[in-house]
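*Asks:* Have a look at this one before I ask anything.
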Amino acid sequence: MDLPDDPHGAVSVHYALVWAVLLAIPIALDWRGAWRRLVVWGDLLRGAELRGAMERFAFAAVVFVLLAHWFVALMPEVSADGLAMHLAIPANIAANHAMTFQPSRFVWAVMPMGADFSYSIVYLLGGEYAAHLLDYALLLMLEAVIYYAMRRWVCRAAGFLLLALFASTPLVQLVTGSLFVENMLAVLIAGLMAALWRFSETGEKRFLYLAAILGGTAMSTKFGALAFVALAIPFLAVEVVRHWRTLGPRPAAVCAIAALLLLSTALPPYAIAYAKTGNALFPFLADKIPRSSSLQRRTGG
């Protein structure tokens, strides 16, 4: 398939007002539910009393480490990956109001970019620091998911200490202080595992659908997510068999919907890469998967 490689031929649709309206639509459609959830979260925070010196010390350790990440996240971007790709994409979209990068000019132009497009949305609304704060918010979300997962086995104090230990690792500082996609990928994979656990416990199909969406979105964020999703699918299959009778009158249809959700969220970046280069994993495995003739003509390969 010979697609045009003219960056100026892209449709200009990405404006701050457009995305502000799009982000507001889900809240407007369920404003009562959104308000109810805010009230519930507020009640949870007010009722989360710290009991004993150990819990207070452990929670203070978490807050201290997260505050350190907060100050680092407010610094300008300095990483090579961030400046060359993860910040360059939002800046390009903000300047052109369209995605103009093409694989003939940038080899990573058709890689999975779920996180980069999320950065682009908030970049349109608040600039570079909005993208950094989204990365920081993803760290907070990851900490919350990890905490509620660990509470199955440890007390609150131990959970807080483990959160502080995790957040204090150099790798977390690297991917939070600069624009990397790993925080979003980690949130999606952790959410996938949490949804799998909930489906195992309850047999409710909504958790099966959630696991499929999170797994597919993780694959559209980074190619490496395939390893985690491939490991999760057999466990989901076992749980589907175990809860077959609780999936409703048409369990096969439920499974088909879950598979469709997984594929529809995972495949778009790989389909685009195949259409433009003849290699769904471009630029990976480029030495094993021949490039399409159209790309060879444009790159002189």
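*Asks:* So, in segment 143-163, exactly how many residues are in contact with a Gly (Cβ under 8 Å, 6 or more places away or on another chain) and either open to solvent by less than 40 Å² (accessible area, probe 1.4 Å) or modelled with pLDDT of 90 or more (or both)?
*Replies:* Total satisfying the criteria: 4.
*Asks:* Which residue is nearest to residue 160 (Cα to Cα), if the candidates are limited to segment 101-142 and must be in contact with a Phe, Trp or Tyr (Cβ under 8 Å, 6 or more places away or on another chain), open to solvent by 10 Å² or more (accessible area, probe 1.4 Å) and assigned to a helix (DSSP H, G or I)?
*Replies:* Filtering segment 101-142 for residues that are in contact with a Phe, Trp or Tyr (Cβ under 8 Å, 6 or more places away or on another chain), open to solvent by 10 Å² or more (accessible area, probe 1.4 Å) and assigned to a helix (DSSP H, G or I), the one nearest to residue 160 (Cα to Cα) comes out as 136.
*Asks:* What about residue 166, is it in contact with a helix residue (DSSP H, G or I) (Cβ under 9 Å, 6 or more places away or on another chain), crowded, with 22+ Cβ neighbours inside 10 Å, farther than 30 Å from residue 284 by Cα and free of Cβ contacts under 8 Å to residues at least 60 places away in the same chain?
*Replies:* Against the criterion (in contact with a helix residue (DSSP H, G or I) (Cβ under 9 Å, 6 or more places away or on another chain), crowded, with 22+ Cβ neighbours inside 10 Å, farther than 30 Å from residue 284 by Cα and free of Cβ contacts under 8 Å to residues at least 60 places away in the same chain), residue 166 does not qualify.
*Asks:* Being assigned to a loop (DSSP other than H, G, I, E, B) and surrounded by fewer than 23 Cβ atoms within 10 Å (Cβ to Cβ), is that true of even one residue in segment 188-201?
*Replies:* no
*Asks:* Consider residue 60 against the criteria (1) small (Gly, Ala, Ser); (2) open to solvent by 30 Å² or more (accessible area, probe 1.4 Å); (3) outside any helix (DSSP H, G or I): it satisfies all of them except one. Which criterion is unmet?
*Replies:* Condition (3) is where residue 60 drops out.
*Asks:* If you check 98, 84, 34, which single one turns out to be part of a loop (DSSP other than H, G, I, E, B) and of a type in the set (A, V, I, L, M)?
*Replies:* Matching residue, one of 98, 84, 34: 98.
*Asks:* What do you reckon, is residue 45 surrounded by fewer than 10 Cβ atoms within 10 Å (Cβ to Cβ), under 26 Å from residue 136 (Cβ atoms), of a type in the set (A, V, I, L, M) and out of contact with any Lys or Arg (no Cβ under 9 Å at 6 or more places or on another chain)?
*Replies:* yes
The values are calculated or read from the model by the stated rules, or taken from the named source; none is laboratory data. This one's a predicted model, so the numbers in the text were calculated from it and none came from an experiment. When we count neighbours, we look across all protein chains shown, and the Cβ atoms used for this are built from the backbone with ideal geometry, even at glycine. Ligands, DNA and RNA are excluded from the accessible area calculation, which covers all protein heavy atoms including side chains. Shrake-Rupley method; radii C 1.70, N 1.55, O 1.52, S 1.80 Å.
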